[in-house]
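A quick write-up on the structure given underneath.
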Ligand SMILES: Cc1cc2nc3c(=O)[nH]c(=O)nc-3n(C[C@H](O)[C@H](O)[C@H](O)COP(=O)(O)O)c2cc1C
């Protein structure tokens, strides 16, 4: 795969300039999904593809996955480091060391304060995008020195936080107070979304669900077909009562988890239902009721399974079209 550009429009933003990518379109970290094939396809299409570090069982496996991505594309790509509270944490410092020793120059952090990672990354010229879900966390990340933030609205797949602020309010509220580039994330899937994000003051978009439903996403076709068939109403919010909310596909397992927790159950009561190994089976075997799997409301806007690189170009072309025609016409009429 060589570094190709779409034939149509182009959008230059502070994000494309700071991170050296062609298009302001990022594929966010996705557990079990952010592997070499997908990240390379997005980056080769001019976006920013991101490998998910913890999808690799060991730091050595991550080093191999980084090399595999390099073998597929010469375009820049990043690595996601998701820091979650857990009883036996993975060796984050070793994953971090692999990133810098491999020469990767872009990292997406998520889950908790990025500060402990920044000294090593800064020392090696690695730029950091921190993903967060509130204005206060975005400001904190800026204060500790990240290069950009990705701001997930309530619509997003995965962890939307506990404030329930949708992107339409969260993104402008954040950019009003930030000086570093910001990516709008959550609920975005097409050129209208990218144009809207730019209109709200963001410097680009970050997407998960849309890239999960692409040809290179390493998941069973049934998952992609379910996303195409799914509507914006087909997600569940689990772990609300535990204040660790996650937006996932509505299925028999997530319905059960919501029911148990709403009835006063504890994490122990749902531990088996939410086990990562069960969720992984969904992606591998295509059994949509095997466990919990992440998906966003934006599935209601997804109607096809395109190659990821082509999708990046299509989204940019659409956004340029919206900005040049629809919005320009509306402004002229005024
Ligand atoms: C299948 C899946 C797995 C995800 N895993 C992670 C993860 O491990 N770390 C992380 O920071 N975000 C994760 N996310 C969140 C995405 O990076 C992104 O922030 C989110 O999907 C944006 O919302 P959208 O799906 O509406 O585009 C995941 C999303 C999906 C769909």
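Every number in this text was worked out from the coordinates using simple rules, so none of it is lab data. What you see is a predicted model; the values in this text were computed from it and never measured. Here the Cβ is made from the backbone with ideal geometry for all residues, glycine too, and neighbour counts use every protein chain on show.
Values for this structure:
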{"quantity": "At R0 = 22 Å, FRET efficiency that the Cβ-Cβ distance of residue 101 and residue 18 yields, to 0.05", "calculated": "0.40"}
{"quantity": "The chain shape via C-alpha gyration tensor axes, a/c threshold 1.5", "calculated": "rounded"}
{"quantity": "Residue-averaged 222 nm ellipticity for the chain, from DSSP H runs of 4+ at -39500 (n - 2.57), nearest 500", "calculated": "-11000 deg cm²/dmol"}
{"quantity": "FRET efficiency estimate (nearest 0.05) - Cβ-Cβ, residue 139 to residue 256, R0 30 angstrom", "calculated": "0.20"}
{"quantity": "Paramagnetic label zone (point 7 Å from Cα along Cα-to-C-beta, residue 68; backbone N under 19 Å) in region 23-46", "calculated": "27-45"}
{"quantity": "Backbone N under 20 Å from the residue 244 label point (7 Å along Cα→Cβ), restricted to region 134-152", "calculated": "134"}
{"quantity": "Gyration tensor verdict on region 1-155 (Cα atoms; rounded if a/c is under 1.5, prolate if a/b is larger than b/c, oblate otherwise)", "calculated": "oblate"}
{"quantity": "Relative contact order (%) - criterion: Cα under 8 Å, at least six apart; region: region 14-218", "calculated": "19"}
{"quantity": "Förster radius 22 Å - calculated FRET efficiency between residue 163 and residue 228, Cβ distance, rounded to 0.05", "calculated": "0.15"}
